[in-house]
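These notes concern the structure reproduced below.
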Number of protein chains: 2
Amino acid sequence: MSDKKILIIEKASELFAKNGFDATSVQEITDACGISKGSFYLSFKSKESLLFSIFEYFSSKLIERIGSIYQMEIGPRERFEQFFVIQFEEIARYSDFILMQMREQTNPINEDMLGLMNDMRRKTYEAQESLLLNLYGEDIKEHMTDLVVILGGIVKGYIEIIVFNKGSLDYMGLAHYIVERIDSIVNGLSKPFLTTELLAGNGMCLGNQSVTTEELLNEIKLVKKEIADEDLLISLEVIEQELSITNYRKPVISGMLSNFKNNEQTEQLVRKLKKFLN
Amino acid sequence: MSDKKILIIEKASELFAKNGFDATSVQEITDACGISKGSFYLSFKSKESLLFSIFEYFSSKLIERIGSIYQMEIGPRERFEQFFVIQFEEIARYSDFILMQMREQTNPINEDMLGLMNDMRRKTYEAQESLLLNLYGEDIKEHMTDLVVILGGIVKGYIEIIVFNKGSLDYMGLAHYIVERIDSIVNGLSKPFLTTELLAGNGMCLGNQSVTTEELLNEIKLVKKEIADEDLLISLEVIEQELSITNYRKPVISGMLSNFKNNEQTEQLVRKLKKFLN
DNA sequence: TTGACAGATGACTGACCGGTCAGTTATTAT
DNA sequence: ATAATAACTGACCGGTCAGTCATCTGTCAA
């Protein structure tokens, strides 16, 4: 990722968070970056693809940090607290951009963005689940769905306060406080309210959703519009043709996929294709 | 409120909730209503004023219903549950439009809308506070801010589920479940985390904010653009002149205010002026 | 010094949107 | 039946914005 790209991402995310996506023009973004409008289109295919990159940039950071707490040598309670601290820090740092996107119904990119959002949600959910089980034992399994909703709600509630009082809150103290509240809730649990299916139907895709070839073909068509590299385009076309025939040859596809190493724009698609092949 | 206006409000709020405010053109709204674009401007001064009317329409309903639970002859616990049920019902009914607005940073009307939003938030906060105090006693007073944030978060969390599973959830059961969780939390409370000031600074304006004559004059100027009725315009101008002099005569203003009975567009302003006179 | 080329620029284009208004149709009054 | 009024229509306008492209600039090898 070039410096220019990162500069644009940082500035644009600030503006989007402040004024919203639609209300921020490309001109404003480039003015803030001190570059020309045309130069913007050297780094990003479109305003839409910038949004996608921003989300990718931030969500990958969040996912990475959440993954890192398992490397720490601390107890389950401290790990749980750390989980909250990371969410507070990242979301306060990147302003409410992520929140804005998670909330705003008007996501310009639907097909592509949804994958990333689900990825992030699933990662967060999985982390929450394992942390809760480690801390409170297997007994709470049937309450998992409710706990996740309640926990998510509480975090969102406090994040709103954090956003308005940027940096002036004691995240560690807050994390400790929240875990204490969860203690109380877990102690008082009786009969669950939500069933797992309700959450699953909630667009959260917690399990492994199966991907159809048609969906993949659609996504390939979209990604083709986003990339300029000739070699990658050829590879995509080969994959496209291969997927179109009934008995597609797996080695051909997986071979082609090796051409996409270290390319951010196709990362999502490649992940899906790999999952599809297995 | 005419049938046409209500039709537009209902259809537009659906579209806004689905696609966002900016992404929904007036043409789309009028197409959905089966009327012409020009006809839209017979009912509403602008797209912006439609948004204001929608918010007014829904928030007044919510506030009214929350007020009604105090007339019911039920215990404090049932009343608390009823408070949640109303929120679930109204917000599920009117889709996530209200949520969208509460979240979206890009509210087109800032000056006017903010008043309505604060009104609603204050009403909700006051209700929560009195319900909590009635149910758990005065001891929880110092925890009020935290409880309000936690409670609001939990409600929002479940509302997201409700929106995706429209109508298929047992609101009464959910309300009961949530109150049980609050029981646990209240039982386990130790030291509060948030102070009242933090919430107050959060744009929530829980106390009585004082209004300056300048702010009022600004708002009058804005409202003048919105209304067409000649008599009301004259009344507004008289109020404007009166407020501009240092020793304004209260009776003159309150007299003029009587001309605004049953006018929706000036409702907010009139309320503020009345508060200012007292 | 030159020429060639990648990177950067900003004037320009076409699409779209909020809002207007001259003209049409429906309704009511005389 | 006719006039008067109200309700409605959709072409049109000014303005904005995403995206394009002819042009420029700095660099560096020959």
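In whole Å, what are the extents of the stretch B:1-44 along the principal axes defined by its C-alpha atoms, from largest to smallest?
Dimensions of the stretch B:1-44 along the principal axes of its Cα atoms: 25, 18, 16 Å.
Over the Cα atoms of the stretch B:1-103, compute the convex hull volume and normalise it per residue, giving Å³.
Cα-based convex hull of the stretch B:1-103, divided per residue, equals 100 Å³.
Could you give, in nm with one decimal, how far residue A:36 is from each other copy of that position, shortest first, with labels 7 Å out from Cα toward Cβ?
From this label point to the equivalent ones elsewhere in the assembly: 4.6 nm.
So the label point sits 7 Å from Cα along the Cα-to-Cβ vector; using that for residue A:122, what distances do you get to the other copies, in nanometres, sorted shortest first?
Once sorted, the set of distances for residue A:122 reads 4.7 nm.
I need the fraction of alpha carbon pairs in the stretch B:37-89 separated by more than 19 Å, rounded to a whole percent.
47
Using a Cα-Cα cut-off of under 17 Å, which lysines could be cross-linked to residue A:191, ignoring same-chain neighbours fewer than 8 residues away?
A:141
In peptide A:156-163, how many Cβ atoms from other protein chains are near each Cβ within 10 Å, on average?
Average neighbour count from other chains, rounded to a whole number: 6.
Nm distances between the label at residue B:165 and the same-position labels in the remaining copies, 7 Å along Cα→Cβ, shortest first?
3.4
Every read-out reported here was derived from the displayed coordinates using simple, explicitly stated rules and does not represent laboratory data. None of the values given here were measured: they were computed from a predicted structure. Neighbour counts run over all protein chains shown; Cβ positions are idealised from the backbone, glycine included.
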